[in-house]
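Enquirer: Here you go, one structure.
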Amino acid sequence: MQPRLNIAKSACEIIEEEIRRLFINKSSDALRNMPVREMITSKVVEHINIYYKLGENDFIHFANLEDKNRLNVDDPKILYDQKTINNKSFIWTFNFLSDYENFCRKLPFWTLSISVIQNKQTVFSIITNPIIDLLIFSERGSGSVNNQRKVRALTSSESLLMCKSNNITLPKMLSQYTLLTLNSTSVELIYLALGIIDYHVISESDYERYQDCILIAKEAGIMNKEFDNFIVLANERNLKRI
């Protein structure tokens, strides 16, 4: 049986082709009126179920509750339920186009994510955006790879660039730096891992929500420093500047 990481990669290839076709060929209004997330989720669920029977030791979960509510699941037993599933189970977690308005406006700042959680830890994450040629993945303890190249967040420039969660106020200690807003936390965290930005000030709720991106960032060398109401993410050298 193929490793789950390989199955997730091949599932990403399937949805990349579909998403690329829709993004290029459909109008903004058409995208808003199409059940895009439901379509690609159904394809991924079908693909995984070929190799690992869902509802036995593998289950699906959605990072966004609204995605779960939109999807009509024939067999509710395939859905993750923390009350009945043991820690040895594999939880396939989907976060597809959480930045849907960017997608509909034909802006490239959105991601598709498949990750697997076991024993309350993210085992691996794959995040893709075929429009900006992004295919980055991390397996816990093995580093991060983007398009077959190892990723290390080593940037430390004089002109520092930062992003932040929408639900927090910019802390004064970082107010002198340039703030970049992409309206996509997932892309911002990936850009942090790639060294394109220097800091991300993230709320505690977003930190929990984006564990797929957090794994990739940490495996690329990003560290965190906790404060009362937020967490600062940066590489070791930039964290020392605070």
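The values are calculated or read from the model by the stated rules, or taken from the named source; none is laboratory data. All values derive from a computational prediction rather than experimental measurement. When we count neighbours, we look across all protein chains shown, and the Cβ atoms used for this are built from the backbone with ideal geometry, even at glycine.
Enquirer: If a residue must be within 10 Å of the chain's Cα centre (by Cα) and either at positive phi or not in a strand (DSSP E or B) (or both), how many such residues does the stretch 85-125 contain?
Expert: 4
Enquirer: Next question, about the same structure. From the list I196, I168, I190, I216, which residue is over 14 Å from the mean Cα position of the chain (by Cα) and within 25 Å of F62 (Cα to Cα)?
Expert: On the way: I196 fails: within 25 Å of F62 (Cα to Cα); I190 fails: over 14 Å from the mean Cα position of the chain (by Cα); I216 fails: over 14 Å from the mean Cα position of the chain (by Cα).
Answer to the check: I168.
Enquirer: Still on this structure, please answer the following. Any residue at all in the stretch 125-133 that's over 18 Å from T111 (Cα atoms), surrounded by 14 or more Cβ atoms within 10 Å (Cβ to Cβ) and either touching an Asp or Glu at 6+ places or on another chain (Cβ under 6 Å) or aliphatic (A, V, I, L, M) (or both)? Can you show your working first?
Expert: Pass one, the stretch 125-133, residues over 18 Å from T111 (Cα atoms): none.
Among the residues of the stretch 125-133, not one is over 18 Å from T111 (Cα atoms), surrounded by 14 or more Cβ atoms within 10 Å (Cβ to Cβ) and either touching an Asp or Glu at 6+ places or on another chain (Cβ under 6 Å) or aliphatic (A, V, I, L, M) (or both), which makes the answer no.
Enquirer: While we're on this one: Can you tell me which residue within the stretch 151-167, out of those that are crowded, with 17+ Cβ neighbours inside 10 Å and modelled with pLDDT of 90 or more, is nearest to L239 (Cα to Cα)?
Expert: First, pick out the residues of the stretch 151-167 that are crowded, with 17+ Cβ neighbours inside 10 Å: 151, 153, 155, 160, 162-165.
Add one more test, that the residue is modelled with pLDDT of 90 or more, and what stays is 151, 162-165.
On the way: V151: 19, M162: 12, C163: 14, K164: 15, S165: 18 Å.
Once the filter is applied, the top-ranked residue is M162.
Enquirer: Sticking with this structure for a sec: Based on what the data block shows, is Q121 of a type outside the set (D, E, K, R) and either in contact with a His (Cβ under 8 Å, 6 or more places away or on another chain) or more than 20 Å from F227 (Cβ to Cβ) (or both)? Steps first, answer last, please.
Expert: Values: of a type outside the set (D, E, K, R): yes; either in contact with a His (Cβ under 8 Å, 6 or more places away or on another chain) or more than 20 Å from F227 (Cβ to Cβ) (or both): yes.
Considered against the rule, which asks whether it is of a type outside the set (D, E, K, R) and either in contact with a His (Cβ under 8 Å, 6 or more places away or on another chain) or more than 20 Å from F227 (Cβ to Cβ) (or both), Q121 comes out as yes.
Enquirer: Checking the condition touching a residue at least 60 places away in the same chain (Cβ under 8 Å), among the hydrophobic types (A, V, I, L, M, F, W, C) and closer than 21 Å to I48 by Cα, which residue from I85, I91, I136 passes? Outline the logic, then answer.
Expert: Working: I85 fails: touching a residue at least 60 places away in the same chain (Cβ under 8 Å); I91 fails: touching a residue at least 60 places away in the same chain (Cβ under 8 Å).
Exactly one of I85, I91, I136 is touching a residue at least 60 places away in the same chain (Cβ under 8 Å), among the hydrophobic types (A, V, I, L, M, F, W, C) and closer than 21 Å to I48 by Cα, namely I136.
Enquirer: Given the condition out of contact with any helix residue (DSSP H, G or I) (no Cβ under 9 Å at 6 or more places or on another chain) and surrounded by 19 or more Cβ atoms within 10 Å (Cβ to Cβ), answer yes or no: does some residue in the stretch 225-242 qualify?
Expert: There is at least one residue in the stretch 225-242 that is out of contact with any helix residue (DSSP H, G or I) (no Cβ under 9 Å at 6 or more places or on another chain) and surrounded by 19 or more Cβ atoms within 10 Å (Cβ to Cβ).
Enquirer: Now a separate question. Can you report the number of residues in the stretch 187-235 which are under 22 Å from G141 (Cβ atoms) and either among the hydroxyl-bearing types (S, T, Y) or assigned by TED's automatic domain parsing to the domain that holds T111 (or both)?
Expert: Qualifying residue count, the stretch 187-235: 2.
Enquirer: Further, regarding this structure: For V45, which of the numbered conditions (1) surrounded by fewer than 18 Cβ atoms within 10 Å (Cβ to Cβ); (2) closer than 17 Å to V116 by Cα fails to hold?
Expert: Here V45 meets the rest and fails (1).
Enquirer: Being in contact with a Leu (Cβ under 6 Å, 6 or more places away or on another chain) and either at pLDDT 95 or above or within 22 Å of S98 (Cα to Cα) (or both) narrows it down to one of I190, I136, I197, so name that one. Spell out how you get there, then give the answer.
Expert: Values: I190 fails: in contact with a Leu (Cβ under 6 Å, 6 or more places away or on another chain); I136 fails: in contact with a Leu (Cβ under 6 Å, 6 or more places away or on another chain).
Going through I190, I136, I197 in turn, just one is in contact with a Leu (Cβ under 6 Å, 6 or more places away or on another chain) and either at pLDDT 95 or above or within 22 Å of S98 (Cα to Cα) (or both): I197.
Enquirer: Residues that are farther than 18 Å from K218 by Cα and of a type in the set (A, V, I, L, M, F, W, C): does the stretch 149-160 have at least one? Steps first, please.
Expert: Step one: of the stretch 149-160, the residues farther than 18 Å from K218 by Cα are 157-160.
Checking the rest, the ones that are also of a type in the set (A, V, I, L, M, F, W, C) come to 160.
Yes, because at least one residue in the stretch 149-160 is farther than 18 Å from K218 by Cα and of a type in the set (A, V, I, L, M, F, W, C).
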